[in-house]
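Below is one structure, written out as structure tokens; the observations come after it.
The values are calculated or read from the model by the stated rules, or taken from the named source; none is laboratory data. Bear in mind the structure is a predicted one, so any value in this text is a computation, not a measurement. Here the Cβ positions follow ideal geometry from the backbone for every residue, glycine too, while neighbour counts run over all protein chains shown.
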Amino acid sequence: MRLTSFTDFALRALMRLAGEPGRSFATNEIAAEFGISRNHLAKVVRDLSDSGFISTQRGVGGGFMLARPAQSITIGEVVRALEGPPLVECFREDGGSCVLKPRCRLKAKLAAAREAFMRELDATTLAECAYPAQPRRSQVTA
């Protein structure tokens, strides 16, 4: 299975928020820490907010933070909310236009693999993957 870079960036941001759950972060801060485009991260933040994973506050002193406790958010829940189109065309709700159906034997195998993948992500909470801040180095003066 492969996640989009959009979902990857969202998971990174959420993991960082989970590392300091009571703190509000600025988009610039997270973007710089992980080497992500600020504009791209702003779109990720908007989708995370729309999906109810984070709360945002505009203006001076604003930023974003987790909307729920990290232990109540599963990685599977985030992936389902943010991932785009299905793995293969025949998984679309309308069935797609696959010429192999109804005799295709691959669809069931892909569905089983997807379910195993999502089952593992559903069993993993954001709290388990929290990414704390790096300790600050103390400056030694001579």
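Things worth noting here:
- Residue ID - surrounded by the most Cβ atoms within 10 Å (Cβ to Cβ), chosen from residues in the stretch 42-79 that are of a type in the set (Asp, Glu) and in contact (Cβ under 8 Å) with a residue 24 or more places away in the chain: Glu77
- Residue in the stretch 90-98 that is surrounded by 14 or more Cβ atoms within 10 Å (Cβ to Cβ) and closer than 17 Å to Ala26 by Cα present: no
- Any hit, the stretch 49-56, residues being at positive phi and at pLDDT below 95: no
- Whichever residue in the stretch 1-47 is within 26 Å of Arg119 (Cβ to Cβ) and charged (D, E, K, R) and, among such residues, is modelled with the lowest pLDDT: Arg2
- On the stretch given as the stretch 2-37, residues that are under 15 Å from Ile54 (Cβ atoms) and among the acidic types (Asp, Glu) total 2.
- In the stretch 90-134, the residue that is nearest to Gly22 (Cα to Cα) out of those that are of a type outside the set (A, V, I, L, M, F, W, C), in contact (Cβ under 8 Å) with a residue 60 or more places away in the chain and touching a Gly at 6+ places or on another chain (Cβ under 6 Å) is Pro132.
- Hits in the stretch 4-13 (condition: farther than 17 Å from Gly62 by Cα and buried (at least 18 other Cβ atoms within 10 Å of the Cβ)): Thr7, Phe9, Ala10, Leu11, Arg12
- Selection within the stretch 23-41 - surrounded by 13 or more Cβ atoms within 10 Å (Cβ to Cβ), more than 13 Å from Ser5 (Cβ to Cβ) and not charged (D, E, K, R): Ser24, Phe25, Ala26, Thr27, Ile30, Ala31
- So Gln71, is it modelled with pLDDT of 75 or more and touching a helix residue (DSSP H, G or I) at 6+ places or on another chain (Cβ under 6 Å): yes
- Glu20 vs. criteria surrounded by 13 or more Cβ atoms within 10 Å (Cβ to Cβ), among the acidic types (Asp, Glu) and touching a residue at least 60 places away in the same chain (Cβ under 8 Å): yes
- Of the residues making up the stretch 76-102, those that are assigned to a loop (DSSP other than H, G, I, E, B) and at pLDDT 80 or above number 1.
- Selection status of Ser49, touching a strand residue (DSSP E or B) at 6+ places or on another chain (Cβ under 8 Å), farther than 24 Å from Pro135 by Cα, hydroxyl-bearing (Ser, Thr, Tyr) and assigned to a helix (DSSP H, G or I): yes
- If you go through the stretch 48-64 and keep only what is farther than 14 Å from Arg12 by Cβ and within 14 Å of the chain's Cα centre (by Cα), you end up with Ser49, Asp50, Ser51, Gly52.
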